[in-house]
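One structure is given below, encoded as structure tokens.
Quick note: the coordinates plus some simple rules give every number you see, no bench work behind them. Small disclaimer: the values here were computed from a predicted structure and weren't measured. All Cβ positions, glycine included, derive from the backbone under ideal geometry; neighbour counts span all protein chains shown.
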4 protein chains.
Amino acid sequence: MAGNTFGDFYRITTFGESHGVAVGGVIDGCPPGIAIDLAAVQHELNRRRPGQSAIVSQRREPDEVQFLSGIFEGRTTGAPIGFIVENKNQKPGDYEHLKDVYRPSHADYVYDKKYGLRDYRGGGRSSARETVSRVVAGAIARQAVPDIKINAFVSSVGDILLDKPYQELDFSLTDSNSVRCPDAATAARMEEYIKGIRKEGDTVGGTITCVLQNVPAGLGEPVFDKLHAELGKAMLSINAVKGFEYGSGFCGATMKGSEHNDVFNADGTTKTNLSGGIQGGISNGMDIYFRVAFKPVATIMREQDTINRAGGEVRLQGRGRHDPCVVPRAVPIVEAMAAIVLLDFYLKQQAYI
Amino acid sequence: MAGNTFGDFYRITTFGESHGVAVGGVIDGCPPGIAIDLAAVQHELNRRRPGQSAIVSQRREPDEVQFLSGIFEGRTTGAPIGFIVENKNQKPGDYEHLKDVYRPSHADYVYDKKYGLRDYRGGGRSSARETVSRVVAGAIARQAVPDIKINAFVSSVGDILLDKPYQELDFSLTDSNSVRCPDAATAARMEEYIKGIRKEGDTVGGTITCVLQNVPAGLGEPVFDKLHAELGKAMLSINAVKGFEYGSGFCGATMKGSEHNDVFNADGTTKTNLSGGIQGGISNGMDIYFRVAFKPVATIMREQDTINRAGGEVRLQGRGRHDPCVVPRAVPIVEAMAAIVLLDFYLKQQAYI
Amino acid sequence: MAGNTFGDFYRITTFGESHGVAVGGVIDGCPPGIAIDLAAVQHELNRRRPGQSAIVSQRREPDEVQFLSGIFEGRTTGAPIGFIVENKNQKPGDYEHLKDVYRPSHADYVYDKKYGLRDYRGGGRSSARETVSRVVAGAIARQAVPDIKINAFVSSVGDILLDKPYQELDFSLTDSNSVRCPDAATAARMEEYIKGIRKEGDTVGGTITCVLQNVPAGLGEPVFDKLHAELGKAMLSINAVKGFEYGSGFCGATMKGSEHNDVFNADGTTKTNLSGGIQGGISNGMDIYFRVAFKPVATIMREQDTINRAGGEVRLQGRGRHDPCVVPRAVPIVEAMAAIVLLDFYLKQQAYI
Amino acid sequence: MAGNTFGDFYRITTFGESHGVAVGGVIDGCPPGIAIDLAAVQHELNRRRPGQSAIVSQRREPDEVQFLSGIFEGRTTGAPIGFIVENKNQKPGDYEHLKDVYRPSHADYVYDKKYGLRDYRGGGRSSARETVSRVVAGAIARQAVPDIKINAFVSSVGDILLDKPYQELDFSLTDSNSVRCPDAATAARMEEYIKGIRKEGDTVGGTITCVLQNVPAGLGEPVFDKLHAELGKAMLSINAVKGFEYGSGFCGATMKGSEHNDVFNADGTTKTNLSGGIQGGISNGMDIYFRVAFKPVATIMREQDTINRAGGEVRLQGRGRHDPCVVPRAVPIVEAMAAIVLLDFYLKQQAYI
């Protein structure tokens, strides 16, 4: 109800503010008996972690997850998995000057309107630091649905597009560069561009493409909880996301039926895949792919006009440690949310077999 | 869980197949004491109804809603509102030839994979006829949040774009033409194009833009149930939808922070509105606007290659009564889902005041 | 949220008022491919129906269920099952005199306080007529969990107790008398007593015992959704219920651990069963048994003092058609709710196997 | 779904095992702006804590709660409140001998059947240590609904009953003795009895009565989520509970309608209160009272026959630190769950005003 829980069957509830004691969460509904590879969980957190390269926020957080319950002798027990990640490098003092100021295109103003008060330290609950908990839950989910391959990558930064079909990409190269684009030449251009943007004290948006492979046919519920509707909600719930499309997406809206229909092969696969692996909200066994649009980070290192709580006009200079472009660090978050959605639908489908 | 319910507080559960006895639903959580304008509900159904113009499906359905409960002496009582709309013009015989055939880019194949059997008559549960129930629930919701203005319109058909900002449009003209585009000249081009497509036995996609005005600040829940995430899920759950974007959308992913940030006026409004009326998942009082992409209808009046249940290859000739382009009739559906989302968040917000 | 839905996976949403057009509901989450015996559903409705004997309400309702969706060619399809039961013998005029009067120990007063208005015709939504929909959903649930045996029976009326352990009863005799007590001698005394009560214009309470057999070990979720906690909620949600106990129940509160513990046999069964087939909220494979207390029906055929909406004191004479004792007709309702709870937990458990 | 969450609007999710790192939880949906009295929260934990008197478990736990989020400058922010309570005195070694043994009337056997494995240390997740988290959530809830008075007390231990109506009791005396019975003479007898039981190495059951006062009329949802149905589920979800009754309860099942009906006063109050403050599932403004039955603790300090995982018969001697009677420490747990239920319904009701 209050929006801090996601999933029906495999369900994650998160808590924590950017500069509070810790962020964390509870995973409920994880199947019992799963051997958990803790290093793999930490690996995903490291991919999301600030300070990992020159083009991301320089906040220094070890982001070490502590599991408090639900795992016994290396295996999940069916009990809820509580976990925390301490905020080691919290610097609430950095935000004292924002106590009464509303930063443009941040959530400061609406939190005050909604709640009547707010934790102003680094965006409080509205900070993307909350996604730490999603990454943990996603990493556990991936281990519970091991056959499904989940690969996200940066497909554009500003106007620089990765102009190749995903089938031509080698996903093992995604993490080989700091921007997380699996095409080396494009990645180099993107990195160069982000460095320039940072120097200008500016930020830039981008897109992430995600490909889900080996998804069995039959996942997703018709009508309201269509597989792509839940994927869409999951992605739109990530900080800074402005759009979601799957399969042919917005481009499909310009096409004719005779072009768009995916003709079957005798084995039930299709010759084309404009459907994006989902028909009527249910997976058909083909690759699922979707694209997520992220706006530029709102905190820029320039002076901006804004207002304070009393409605007075003030000048604001960006401070703190921020990303010039959010998409490189958002790649593991997109993958995590996809894993959570898939496991949730997988468990639902199991119930009827 | 099984996906036929939407909303937490204002909650709609729908049932019914395209060629069964009736479609209908239950609205739970409608505030008590609301005077219901039944003609306004029927008006919305008429806007969605097939057979209303030359460019939509010629199925003849009166689509008259019968309320069975929850309304007493013209007012809602707080009890659940059960309703049905009979399928008068059902022609299950039209679909006998599809019993064992999987139509390309329809849900036939995945329903068989998921459930092991399916109601093949006109797509059964996967038919957009289900949206009748959404329109009823949305029409009731609109009457319970009367100050909010909800206006959707067709913003593109194939490659024909309505190339004006929504602020320059007169929404009262949306229904003045059969395509539901409030710009007369563009509408005429779209109609002409759809007629041509129909003659070719083909179909075409399009987009709908929706604008929500007078939304109070503070609606939406942070983290997973962001206002735009729920709107996105609601829209993506409509048949044939492939994408959703709000505010700057996919275009925002190409922008810089210095261009994208919405600077405040002293009263908390913003000089620009690339945020699309939502910050951090919560409404800020500015106009909310979003765009929804619809693929071309999969049933075309041409012969196509496909397969049957046994994996045999067959030729299929489209039959039945279908829309050449779905967006004109989808306008009231988009508005209905937006109304349901808004009322749900409005009630949640009330709980804390 | 608004309380008209029960169950997570197998989920029933009901609607309808006592003297409205119809009562009905939507069953969502029923497994696909179940062959539905419609006569068995109607049989359960007939057991609940008024007018079936001299000791129940004389309202004449055929209570014929019409299924509107979700069943195709005799089998469930996985789609939601919508159904209605028309109110044929509605006599709203019988209730005109109650428009502004609050009947003692009825819900009239609290509905006005909660909603600001109410449908006063026969209790409106607060009438036990709502349980028609539960019986339909329960009858479907029983067909989806066929191996589990569910047997409820009247175990007391007023001070007359059925003083035998359930193991000595022949459940096939439960319906052989109008009071639904499987012991003929006790049943005869109960019937006589109820007839006397009716002549006095009075009513009387009673209890129902329910036994669930062949329940596999492992159903129920620990902590909040314990099997007995859900059974308890389900029973307490039935009109007129004042108490619930399972296994040793209230008597167990007077016992010592050395007396109460159920010692295991080598096969995991237990020598005694004071646990009532549930340990830690999870079924252990032994018989589950519980007891439900019903208060006397509030409508009596005598003059009573009461108040009206304006706070004025008035005399009220009971009218309409009412039961002198609710337990005989409540037996199928108790069984229906038990079936719904069991199927719901059964499906959840399937998800992890 | 997996049963570790309670409440719709004010929602508590708990985690943690008896001898793991910590127990804890997440409170979601707490209204913003509530000034939290942390000492009052700790006070409730102290009331539940083991080792507080001679008649309870001698496990030594400080049970200090650490809040990790959701409270800023002493007030709730509307963000989820994460908290943990470390298990300081965990002695997993005490339970090594139980690794493969199923204790009678414990959850060991069913956890193995349900999950295929279990955390055998002190009952793991099935331990009443989980209720630490409920007490925290309840203590916060009480501060958010401050006008409602919630008073539970021990009303029986074994055969020793507190034989006075609650109106004659002084609730301020409840905590004046270690058994938590507000009548000094009865309390003394109960204490004496429990001490004797402990000496015998045995345990005994008991009941708790709870009274809710100043509850506004209108709380509770009709049909499935009746106020007493949720209270019943809440209580039945507490470890060792076997029964729940409210108002006239099981006794009401023996009464006549002419005796049982509560006649109104002109102001809407009633002359009697056999309804227990709830009619049709909705509070009527009168006192709500209910009674909860607890079985004797299953762990006794005597040798018992039991079986191990392989089905072999073994002798088992109770060890560890256990309560001879659970009701004294369960008083704050009953109050906590009542507070959670009331706040949840209070918030729901707010949504419509």
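Observations on the model:
- Scanning chain D for DSSP H helices at least 27 Å long along the axis (C-alpha atoms) with a Kyte-Doolittle mean no lower than 0.5 picks out D:327-350.
- Highest to lowest packing among C:93-100, A:328-335, A:310-317, D:23-30, scored as the average C-beta count within 10 Å: D:23-30, A:328-335, C:93-100, A:310-317
- Of all lysines in the structure, those lying under 25 Å Cα to Cα from D:K114, and not within fewer than 8 positions of it along the same chain, are A:K348, C:K149, C:K226, C:K233, C:K271, C:K348, D:K99, D:K233, D:K242, D:K295.
- Peptide A:281-288, shielding by other chains (average Cβ, 10 Å cutoff): 4
- Taking amide H atoms as placed 1.01 Å from N in the peptide plane, the amide H of C:D323 lies under 5 Å from those of C:S57, each 5 or more residues away in sequence or on another chain.
- Number of partner chain Cβ atoms within 10 Å, mean per residue of B:78-89: 6
- Cβ-based exposure ranking for D:M255, D:M190, C:M301, in which fewest neighbours within 10 Å come first: C:M301, D:M255, D:M190
- Evaluating 6.51 cos²θ - 1.76 cosθ + 1.60 at θ = phi - 60° for every residue in region D:6-15, the Karplus couplings come out as 9, x, 9, 9, 8, 10, 10, 10, 10, 8 Hz, glycine and proline recorded as x.
- Extending 7 Å from the Cα toward the beta-carbon at both C:A54 and B:S172 defines two label points whose distance is 7.2 nm.
- In Hz, Karplus ³J(HN,Hα) per residue of region D:27-37 (6.51, -1.76, 1.60; θ = phi - 60°; x = Gly, Pro): 9, 10, x, 5, x, x, x, 7, 6, 9, 8
- Peptide-level mean, for D:173-184, of C-beta atoms on other protein chains within 10 Å: 0
- Separation between Cα centres of region B:229-256 and region B:143-158, rounded to whole Å: 16
- Normalised by 2.2 N^0.38 Å, where N is the number of residues, the alpha-carbon radius of gyration of region B:59-217 equals 1.31.
- Label-to-label distances for B:K164 across copies, nearest first, come out at 4.5, 8.1, 8.4 nm, using points 7 Å from Cα in the beta-carbon direction.
- Compared with the direct C-alpha span, the chain from D:Q317 to D:S258 gains 15.8 nm at full extension, assuming 0.36 nm per residue.
- Taking the label point 7 Å along Cα→Cβ, D:E73 and its counterparts in the other copies are spaced 5.0, 5.1, 6.8 nm apart, in ascending order.
- Minimum Cβ-to-axis distance in chain D for the rotation onto chain C, with residue, whole Å: D:K233, 2
- For chain A, the 222 nm mean residue ellipticity estimated from helices alone, with every DSSP H stretch of n ≥ 4 adding -39500 (n - 2.57) and the total spread over all residues, rounds to -8000 deg cm²/dmol.
- Distance from region C:1-41 to region D:7-25 (C-alpha centre basis), Å: 33
- Highest mean packing comes first when the peptides C:268-275, C:160-167 are listed by Cβ atoms within 10 Å, giving C:268-275, C:160-167.
- The stretch between B:L161 and B:T269, if pulled fully straight at 0.36 nm per residue, gains 35.9 nm over its current Cα-Cα span.
- Nm distances between copies for D:L117, ranked from closest, using label points 7 Å along Cα→Cβ: 4.0, 4.4, 5.9
- Spin-label model distance (nm) - D:E64 vs C:Q350, 7 Å beyond Cα toward Cβ: 5.0
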